[in-house]
Amino acid sequence: MSKSNGAGSAEITSTKRFASFREIADFLWQNAERMRGAYRPNEYDKVILPLLVARRLDCVLEPTKDKVLARLEALKAKGMKASDPAVDVALRKITGVPFYNTSKLDFGRLKGDPNQIAQNLRGYLKAFSQNARDILEQFKFDEQITRLDDANLLYQVIGLFAEVDLHPDTVPNHVMGSVFEELIRRFNEKKNEEAGDHYTPREIIRLMVDLLFVEDDKALRRAGIVRTLFDPACGTGGMLSVAEEYLRELNPDARLEVFGQELNPESYAICKSDMIIKGQNPENIVRGNSFDQDGHAGHRFDYMLSNPPFGVDWKNVQKIVEAERDTQGFAGRFGAGTPRINDGALLFLQHMLAKMKPVDSKTGEGGSRIGIVFNGSPLFTGDAGSGESEIRRWILENDWLEAIVALPDQLFYNTGIATYIWVLTNKKPKHRRGKVQLINAVELFQKMKKSLGNKRNELSPEHIAAIATTFGEFRTSAISKIFDNEDFGYRRITVEHPLRLSFQASPERLARLREEKAFAALATSKKKGAAGEKEIAEGTELQEAILAALGRLDAKTVYKKRELFEEELAVALSRAGLSVPAPVKKAILSALSERDESADICTDSKGRPEPDADLRDTENVPLKEDIAAYFEREVKPHVPDAWIAGVDIQGGKAVIVDESKVKVGYEIPISRHFYQYTPLRPLAVIEGEIRALEKEIQGLLREVLA
């Protein structure tokens, strides 16, 4: 391919074309090695990414370059300035995309003057329209121009990019997205960082889009339909791009308007450049933290997709998030609760749920559908009453969770852990209401010919179709199970065991009394004897007096009933003329007691059994099961004298008398529901294998020693 400069120069630049995104990434990476010395490998991204974006924009504008310059000169001849809004409109009309460049230079022409390469490059970049310039400025590339020029590398690097044809007709948008994400993955490997914030494999996105659109297939085929899609952690825009392409395949007359937010400035710039090239509104992509800077406040969307970072820490925005939770409640985004500080995954989901469109109760129109990728933590982390459990409870009790798909491991570039796609909606079809579908797709994958980071497995089109079909059919199968929402709920009860103590004034137990805090505190106090006798000396004399009184008790007698020992204790202290305060008496009873299953049950002032805090236990009772029936079956046979805190059992039915003692929780143990027991092999088989191995080892030893 060649191009004429159109500005009087004879510069001719041949460009390279590639068969795949990986070939482009390999070419750029290999040539980036020429910067070694001036740059460390973990710094290559400072140069490669901004120039890749600039070259992509350059290629898009190449066919209309001469027309733009001619039109600009004509407008200037009429007295108009380049900054006039009318000029902006006119030049955009010529390019056919919402940006342009008014410099006479492009990447090919920049090679015409090696001595002024830095100055010319700066001038060329500044000549982009403001919206494109805003994108490029996110990379802070100006200082790299100086650094490259000082190292005599700038001309070579510009020449490298001038060789690569990145026009969308040659490198479609989805391929270009893969180029960016493959390079980002490699850069982050060099930095020992994870790429999960940026890169979701395309086949996973395609599966998510299939799951998102499958129930709206008929509606999406209507002529002229317009839908909106939002990703609150959009990275380089992969999910937005794949969803847009899918809808275009399904219905060329449909339009998907995409919106996103991204914290990382480089990823934000790449995503925004992709949007501007495709004719999407670049202002729909916002930079910032979705938790504390809602870039789309007040907006609601038809569809939402996201792969938020796994285990993202949100401590730096904790005060803002918790303030919204406490002041706005469910009118805000985080009313259901907040998860632990080191994993904000469920904050992303709440953020998305807050942007669902309401459903018209009369027409059934409206509503939203959500697809989000999580690791296992949001499924089960957190006990009843915790932030995570309360969020799950809120989702399930509102009947928003439609399905969860368990994916194969080793699908992602930065991690090999288990991952799950959650599908949620506020417009479930009638046959799905009150139900959740779990799909076990962990065995649906194929091995990659070449691993990419931790990614060794991939989903084939057939696997994607099988999962989407299983979801669409909504029936039980080998990989699909259907549950009621309540099946994931439980009541967490506290099982109390009666306190049984024996008492003895043995030397060993008396020695323990010195370690009790209340007893040790007597060393700095004064105490008067009973009936107003003279004051007993402060400090250790008081302690010794108590120990002496206790020493007069029979050291061999073991009291199995607390009340009987308390009577003996009172007599002993009275004879010694001592009246000890309640905390000291409690310390004495604690030091001289031990748990004893053969002892009588300790009771309070009303004759009720006292609970043993050390034996206290909890049980999770399924929501669908009566607490009393569960207790009689699972607890009573093992602990006949146990009881449930805050619950009375009347006529065989449980009556909750203290709601604070019985907490409702939700968890989704998907692995447990698909677990299949594998019987152990017979001992005879194992023994045979061991003997065979022994023979093999002996044979090897004979060969070595021969």
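Return the total of residues in the stretch 449-467 being assigned to a helix (DSSP H, G or I) and crowded, with 16+ Cβ neighbours inside 10 Å.
Quick first cut of the stretch 449-467, residues assigned to a helix (DSSP H, G or I) only: 461-467.
Filter once more, keeping what is crowded, with 16+ Cβ neighbours inside 10 Å: 463-464, 466-467.
Total satisfying the criteria: 4.
Quickly run through the stretch 67-101 and pick out the residues that are in a loop (DSSP other than H, G, I, E, B) and under 21 Å from Leu166 (Cβ atoms). So that I can check it myself, show each step before the final result.
Just the residues of the stretch 67-101 that are in a loop (DSSP other than H, G, I, E, B), to begin with: 78-84, 96-100.
Those that are in a loop (DSSP other than H, G, I, E, B) and under 21 Å from Leu166 (Cβ atoms): Gly96, Val97, Pro98, Phe99, Tyr100.
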What pairs come out if I take residues in the stretch 351-364 that are farther than 28 Å from Asp294 by Cα and pair them with residues that are of a type outside the set (Phe, Trp, Tyr) whose C-beta lies under 9 Å away, six or more apart or interchain?
Gly364/Lys427
Could you tell me which residue of the stretch 123-161 is nearest to Pro63 (Cα to Cα), considering only residues that are more than 40 Å from the chain's Cα centre (by Cα) and in a helix (DSSP H, G or I)?
Tyr124
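Looking for whichever is under 26 Å from Arg672 (Cα atoms), at pLDDT 95 or above and surrounded by 19 or more Cβ atoms within 10 Å (Cβ to Cβ) here; the options are Thr470, Thr476, Thr494. Which one fits?
Details: Thr476 fails: surrounded by 19 or more Cβ atoms within 10 Å (Cβ to Cβ); Thr494 fails: surrounded by 19 or more Cβ atoms within 10 Å (Cβ to Cβ).
Exactly one residue qualifies, and that residue is Thr470.
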Suppose we filter the stretch 28-44 for residues that are farther than 11 Å from Leu183 by Cβ and surrounded by 15 or more Cβ atoms within 10 Å (Cβ to Cβ); how many remain?
5
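Can you list the helices (runs of 4 or more DSSP H) found entirely within the stretch 298-393 that contain at least 2 residues being more than 23 Å from Arg255 (Cβ to Cβ) and either in contact with a His (Cβ under 7 Å, 6 or more places away or on another chain) or among the acidic types (Asp, Glu) (or both)? Full working, then the answer.
Numbers: elements: 318-328, 345-353, 377-380.
Counting at least 2 such residues, we get 318-328.
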Considering (1) surrounded by 23 or more Cβ atoms within 10 Å (Cβ to Cβ); (2) among the hydrophobic types (A, V, I, L, M, F, W, C); (3) more than 30 Å from Ser477 (Cβ to Cβ), say which one Ala384 fails and leave the rest.
(1)
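Can you tell which of Thr494, Thr470, Thr415 is outside any strand (DSSP E or B), over 22 Å from the mean Cα position of the chain (by Cα) and hydroxyl-bearing (Ser, Thr, Tyr)? Write out each step before concluding.
On the way: Thr494 fails: outside any strand (DSSP E or B); Thr415 fails: over 22 Å from the mean Cα position of the chain (by Cα).
Matching residue, one of Thr494, Thr470, Thr415: Thr470.
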The conditions are (1) out of contact with any Ser or Thr (no Cβ under 8 Å at 6 or more places or on another chain); (2) surrounded by 21 or more Cβ atoms within 10 Å (Cβ to Cβ); (3) among the polar types (S, T, N, Q), and Ser368 fails exactly one of them. Which is it?
(1)
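Counting only residues that are assigned to a loop (DSSP other than H, G, I, E, B) and of a type in the set (S, T, N, Q), which one in the stretch 514-560 is modelled with the highest pLDDT?
Kept after step one, since they are assigned to a loop (DSSP other than H, G, I, E, B), are these residues of the stretch 514-560: 514-516, 525-526, 529, 533-534, 537-539, 552-558, 560.
Now drop any that are not of a type in the set (S, T, N, Q), which leaves 525, 557.
Numbers: Ser525: 60, Thr557: 95.
Across the stretch 514-560, the extreme among qualifying residues is Thr557.
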Assess whether Lys272 counts as being of a type in the set (Lys, Arg), outside any loop (DSSP other than H, G, I, E, B) and either surrounded by 23 or more Cβ atoms within 10 Å (Cβ to Cβ) or touching an Asp or Glu at 6+ places or on another chain (Cβ under 8 Å) (or both).
yes
Hey, can you tell me all the residues within the stretch 497-513 that are of a type in the set (Gly, Ala, Ser) and assigned to a strand (DSSP E or B)?
Ser502
What's the total number of residues in the stretch 350-365 that are surrounded by 21 or more Cβ atoms within 10 Å (Cβ to Cβ) and in contact with a strand residue (DSSP E or B) (Cβ under 6 Å, 6 or more places away or on another chain)?
2
Pull up the stretch 644-667, narrow it to residues that are assigned to a strand (DSSP E or B) and basic (Lys, Arg), then point me to the one that is modelled with the lowest pLDDT.
Lys653
Report, by residue number, each residue of the stretch 242-269 that is in contact with an Asp or Glu (Cβ under 8 Å, 6 or more places away or on another chain), closer than 14 Å to Phe180 by Cβ and part of a helix (DSSP H, G or I).
Glu266, Ser267, Tyr268
Gln328 versus (1) at pLDDT 90 or above; (2) within 30 Å of Leu51 (Cβ to Cβ): which is the lone unmet condition?
(2)
Residue check, Pro98 against (1) closer than 18 Å to Val179 by Cβ; (2) of a type outside the set (Lys, Arg); (3) touching a helix residue (DSSP H, G or I) at 6+ places or on another chain (Cβ under 7 Å), all met but one. Which one?
(1)
Got a number for residues in the stretch 318-341 being in contact with an Asp or Glu (Cβ under 6 Å, 6 or more places away or on another chain) and buried (at least 18 other Cβ atoms within 10 Å of the Cβ)?
4
Could you check the stretch 226-249 and list, in sequence order, the residues that are surrounded by fewer than 24 Cβ atoms within 10 Å (Cβ to Cβ), charged (D, E, K, R) and within 10 Å of Tyr303 (Cα to Cα)?
Arg227
Output the qualifying pairs, or none if there are none: Cβ atoms under 7 angstrom, residues six or more apart or on different chains, first residue in the stretch 658-669 and at negative phi, second residue acidic (Asp, Glu).
Gly665/Asp383
Between a first residue in the stretch 586-611 that is without any contact (Cβ under 8 Å) to a residue 40 or more places away in the chain and a second residue that is part of a strand (DSSP E or B) and not polar (S, T, N, Q), which pairs have beta carbons less than 8 Å apart while being 6 or more apart in sequence or on different chains?
Thr603/Pro609
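Quick one: in the stretch 588-612, which of the residues that are of a type in the set (Gly, Ala, Ser) and in contact with a strand residue (DSSP E or B) (Cβ under 9 Å, 6 or more places away or on another chain) is surrounded by the most Cβ atoms within 10 Å (Cβ to Cβ)?
Keep residues of the stretch 588-612 that are of a type in the set (Gly, Ala, Ser), which gives 590-591, 593, 598-599, 605, 607.
The next check asks that each one be in contact with a strand residue (DSSP E or B) (Cβ under 9 Å, 6 or more places away or on another chain); those that pass are 593, 598-599.
Details: Ser593: 21, Ser598: 8, Ala599: 19.
Applying the filter and picking the extreme gives Ser593.
Filtering the stretch 275-297 down to residues that are assigned to a loop (DSSP other than H, G, I, E, B) and charged (D, E, K, R), which residue is nearest to Val242 (Cα to Cα)?
Here is the first cut: in the stretch 275-297, the residues assigned to a loop (DSSP other than H, G, I, E, B) are 278-281, 288-297.
Within this subset, residues satisfying the condition of being charged (D, E, K, R) are 278, 292, 294.
Details: Lys278: 12, Asp292: 28, Asp294: 24 Å.
Among residues in the stretch 275-297 that are assigned to a loop (DSSP other than H, G, I, E, B) and charged (D, E, K, R), the one nearest to Val242 (Cα to Cα) is Lys278.
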Only one of (1) of a type outside the set (Phe, Trp, Tyr); (2) out of contact with any Phe, Trp or Tyr (no Cβ under 7 Å at 6 or more places or on another chain); (3) in a strand (DSSP E or B); (4) surrounded by 14 or more Cβ atoms within 10 Å (Cβ to Cβ) is not met by Thr618, so which one is it?
(4)
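The values are calculated or read from the model by the stated rules, or taken from the named source; none is laboratory data. Quantities reported herein were computed from a predicted structural model and do not represent experimental measurements. Every residue, glycine as well, gets a Cβ built from its backbone with ideal geometry; the counts of neighbours run over all protein chains shown.
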